[in-house]
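Enquirer: What follows is a structure written as structure tokens; I'll ask about it next.
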């Protein structure tokens, strides 16, 4: 169990919080110099939000940051980041993205890799099972979230 | 003066509204079947938001939409869309993106084009001059917005 798993446990806690609110169970934290500076979870159902994926919520909650802060950051997400969230991490030049699984959804990993972002997939069963449960129960909401 | 200019005039109105609030003057509208379903402008200064670029604000204000709605939409922005906003339009599979200029900033146009999104640059002086004025007066805020 390395540090990535420690921070991912916080992203998973956010995902569970989202699930407890009846939302899509995807959580995220932004870490700079070993400190969590932003955390969040998908708010589609809770706030009727089209753009507040877990990663976007964490980035928003981190507030306005200078480029020099993002340059030292790692973005953790319980799911492989979609094109919007991948694009946000590229905009902010976040050098490293760690996700908990990509079996239920493969985001824009190829784009991130091509742009030189370091990626790590922890392939965690807990994250996958939370997503599988939600998708089985609310396929319509999940499809809406990824515009399928 | 074709329809793209008519909708872009609304995005420009949003940019001017942002400027009048002391914000970064970038505006956007989302159009479906000839109707503006969402409009917005950059909220970095006004709301301390890291993610509410003009396009993201318009997408958020459009609310939760089914994929079939996005599939018939065009996203208008007064500036070439950054990686985050380009990624959002790819997530939602928005087939067409029109922007007012790309002389002050070139976003992720190559990524959009590679993914088959139809792009049109109206190259409007008004949009460019608004950006140049803001960048000259607030270079620090602009650099923060694009993580430079």
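Enquirer: Summarise the partner chain shielding of B:40-50 as one whole number: the mean count of Cβ atoms from other chains within 10 Å of each residue's Cβ. Display every interim value, and only then the final one.
Expert: Details: counts 0, 0, 0, 0, 1, 1, 0, 2, 3, 4, 14.
If you average over the peptide's residues, the count of other-chain Cβ atoms is 2.
Enquirer: First obtain the Kirkwood hydrodynamic radius of the stretch A:37-148 from its Cα pairs, then insert it into the Stokes-Einstein equation at 37 °C and 0.692 mPa s, and state the resulting D in µm² per second as a whole number. Write out the running numbers ahead of the final one.
Expert: On the way: Rh = 14.3 Å.
The diffusion coefficient I find is 229 µm²/s.
Enquirer: So the label point sits 7 Å from Cα along the Cα-to-Cβ vector; using that for residue A:5, what distances do you get to the other copies, in nanometres, sorted shortest first?
Expert: 6.3
Enquirer: Expressed as an acute angle from 0 to 90° and rounded to the nearest 10, what is the orientation of the C-alpha long axis of helix A:3-20 relative to the principal long axis of chain A?
Expert: 30 degrees
Enquirer: Please report, in whole Å³, the volume per residue of the convex hull around the C-alpha atoms of the stretch A:6-81.
Expert: On the way: hull volume 5.9 nm³, N = 76.
Taking the convex hull of the Cα positions in the stretch A:6-81, it is 77 Å³ per residue.
Enquirer: Let me ask something else about it. Which residue in chain B puts its Cβ closest to the axis that rotates chain B onto chain A, and at what distance in whole Å?
Expert: B:87, 1
Enquirer: Same structure, new question: How far is residue A:35 from the same spot in each other copy, in nm, shortest first, if each label point sits 7 Å from Cα toward Cβ?
Expert: 4.9
Enquirer: Can you give me the three principal axis dimensions of the protein assembly as shown from its C-alpha atoms, in Å, biggest first?
Expert: Principal axes ranked by extent give 58, 40, 32 Å for the Cα atoms.
Enquirer: Follow-up. What's the average, rounded to a whole number, of partner chain beta-carbon atoms within 10 Å of each residue's beta-carbon in B:55-65? Show your work: numbers first, answer last.
Expert: On the way: counts 1, 7, 1, 1, 4, 7, 2, 2, 3, 9, 3.
Partner Cβ neighbours, averaged per residue: 4.
Enquirer: Sticking with this one: Report, as an integer, the average count of C-beta atoms from other chains found within 10 Å of each Cβ along B:93-99. Please list the in-between numbers first.
Expert: Values: counts 4, 1, 0, 0, 0, 0, 0.
Going residue by residue through B:93-99 and averaging, the value is 1.
Enquirer: When each copy gets a label point 7 Å from Cα toward the beta-carbon at residue B:21, what are the spacings between them in nm, shortest first?
Expert: 2.2
Enquirer: Let me ask something else. Pick from A:38, A:22, A:54 the residue whose mean-square fluctuation is largest in a GNM of chain A, springs joining Cα atoms under 10 Å.
Expert: A:22
Enquirer: Let me ask something additional. On a 0 to 90 degree scale, rounded to 10, what angle separates helix A:125-137 from the longest Cα axis of chain A?
Expert: Tilt of helix A:125-137: around 40 degrees.
Enquirer: Cα centroids of the stretch B:35-87 and the stretch B:15-34: how far apart, whole angstrom?
Expert: Here the two parts' Cα centres lie 9 Å apart.
Enquirer: While we're here: Given only helices, namely DSSP H runs of n ≥ 4 each adding -39500 (n - 2.57), what is the per-residue ellipticity at 222 nm of chain B, to the nearest 500 deg cm²/dmol?
Expert: The helix-only estimate for chain B comes to -13000 deg cm²/dmol at 222 nm.
Only the coordinates and a few stated rules stand behind these numbers; no lab work does. Source: prediction; values computed, not measured. No Cβ is skipped: glycine too gets one built from the backbone with ideal geometry, and neighbour counts run over all protein chains shown.
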